[in-house]
Amino acid sequence: MIVAVANTKGGVGKTTLAVQLSLARALAGRDVWLIDGDRQGTAMAAIAARSEAEKQPGIACAQYADGPQIRAQVQQQLGKWDDIIIDVGGRDSTALRAALILADTLLVPFAPRSYDVWALDDMAELVDDARSVRDGLRAFAVMNQADPGPLSTDNLDAIAAVTEVPQLIYLPTPLRRRKAFSNAGGAGLSVTELSPRDPKAIAEINALVKRLF
C-alpha cells in the first residue's frame, strides 16, 4: 500500500505520523520504504538517528525534492516494498501533487485550531484534482495534537468542521499532544519502543494503524 501523509498547512505533525506509521508497519514484519518529500528532511533525520543507534528493524528512507523524482522512483521500485509511506506537504508543491497521484491512501493530519481546519479546504481541492486523474484514492483526516479530554470545545468544533469537507473521511482515532510522540520521533523510534512506555500514546497510534491498514 502507498500512503501519503500530507497537508498544505505546516506544523500539524505530519512527519511525526509518517515516521510512526512506517515504524509500526516495519515492526509488524512489513518491508517499508519511507519517502521524505519535504525539503526540511525531518523524516530522513529521524531515520538516520535510528540507523546510528543500530536499532532494528531498520527502515529504508530516501529524500526527493520534487514531484518528478518521487513519481519516477516510486514507479521504478513499487514491487520491492509491502508499504510505501510518503511524507509531503507544508505547502502546495509538485511533490505533494505527485504523492496524491501515486497513493492508495491519503492521510491528512490536522490540529484543532481554526487555521488548521480552514486549510483542509486546500487539501480538498487537491484531492479533487488527483481524483480527476486517477480513481481509487481514499482520503482521510485525523486529528493530531488534540487537546486532552474528549469534551474539549476546540476538538469538537474541529471535528464538526472536518465532517463538512466531503472529500475527506474523518477518522475517530485522534492523537493527543504527548511528549512520547515527539521524543520517539526525534530518536527515530516507535512509541512502542520508547522507555518509559506511554500506554496511551501506544494505544492511539495502534488504533490509527488499524484503521488505515
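Starting from the Cα gyration tensor of the stretch 139-201, take the square roots of the eigenvalues, sort them a ≥ b ≥ c, and report rounded, prolate or oblate (rounded when a/c is under 1.5, otherwise prolate if a/b is larger than b/c, else oblate).
On the way: a/c = 3.23, a/b = 1.91, b/c = 1.69.
Taking the square roots of the gyration eigenvalues as a ≥ b ≥ c, the stretch 139-201 is prolate.
Could you let me know the centre-to-centre spacing of the stretch 129-207 and the stretch 47-77, using Cα atoms, in angstrom?
23 Å
Could you tell me what a quarter of the Cα convex hull surface of the stretch 113-163 works out to, in nm² with one decimal place? Kindly include the intermediate steps, with their values, before the conclusion.
Working: hull surface 15.4 nm².
Value for the stretch 113-163: 3.9 nm².
Using +1 on the beta carbon of Lys and Arg, -1 on that of Asp and Glu, and nothing else charged, what's the dipole of the chain about the Cα centre, debye to 20?
With only Lys, Arg, Asp and Glu charged at Cβ, the dipole is about 520 debye.
Under 29 Å between alpha carbons, and skipping anything fewer than 8 positions from K179 in its own chain: which lysines qualify?
Result set, ordered by chain and number: K9, K14, K55, K200, K210.
Which cross-chain or sequence-distant (5 or more) residues have an amide H under 5 Å from the amide H of G10, H modelled 1.01 Å from N in plane?
The answer is none.
Rank A201, A161, A28 by mean-square fluctuation in a GNM of the chain with C-alpha springs under 10 angstrom and give only the top-ranked residue.
Of A201, A161, A28, the Gaussian network model singles out A28 as fluctuating most.
For the chain, with a Gaussian network of springs between Cα atoms less than 10 Å apart, report the residue from I35, I86, I101 with the top mean-square fluctuation.
Judging by the Gaussian network model, the answer is I101.
Scanning the chain for GluC sites (Glu not before Pro) in DSSP loops with at most 12 other Cβ atoms within 10 Å, what's the longest stretch left with none?
It runs 55-163.
How are the alpha carbon pair distances in the stretch 1-74 distributed across 5 Å bins from zero to the largest one, expressed in percent?
The percentages, shortest bin first, are 3, 16, 27, 27, 18, 8, 1.
Which residue, A203, A139, A180, has the most motion in a Gaussian network model of the chain that connects Cα atoms within less than 10 Å?
Maximum among the listed residues: A203.
Three principal axis extents, largest first, for the C-alpha atoms of the chain, in Å?
If we take the Cα atoms of the chain, the spans are 44, 43, 27 Å.
From the square roots a ≥ b ≥ c of the eigenvalues of the alpha-carbon gyration tensor of the stretch 78-188, which class results: rounded (a/c under 1.5), prolate (a/b over b/c), or oblate? Mind showing how you got there, number by number?
Numbers: a/c = 2.07, a/b = 1.29, b/c = 1.61.
It is oblate, given that a/c is not under 1.5 and a/b is not larger than b/c.
If I stretch the segment between D121 and D31 completely, what's the gain in nm (0.36 nm per residue apart, minus their alpha carbon distance), one decimal? Walk me through the intermediate numbers first.
Values: separation 90, 0.36 × 90 = 32.40 nm, distance 3.37 nm.
Net length gain for the segment: 29.0 nm.
Classify the stretch 33-126 as rounded, prolate or oblate from the Cα gyration tensor: take a ≥ b ≥ c as the square roots of its eigenvalues, call it rounded if a/c is under 1.5, otherwise prolate when a/b beats b/c and oblate if not. Numbers along the way, then the final one.
Values: a/c = 2.08, a/b = 1.40, b/c = 1.49.
Cα axes put the stretch 33-126 in the oblate bin.
Bear in mind these aren't lab numbers, they're just calculated from the coordinates by the rules spelled out. Keep in mind that this is a model prediction, so the values were computed, not measured. Here the Cβ is made from the backbone with ideal geometry for all residues, glycine too, and neighbour counts use every protein chain on show.
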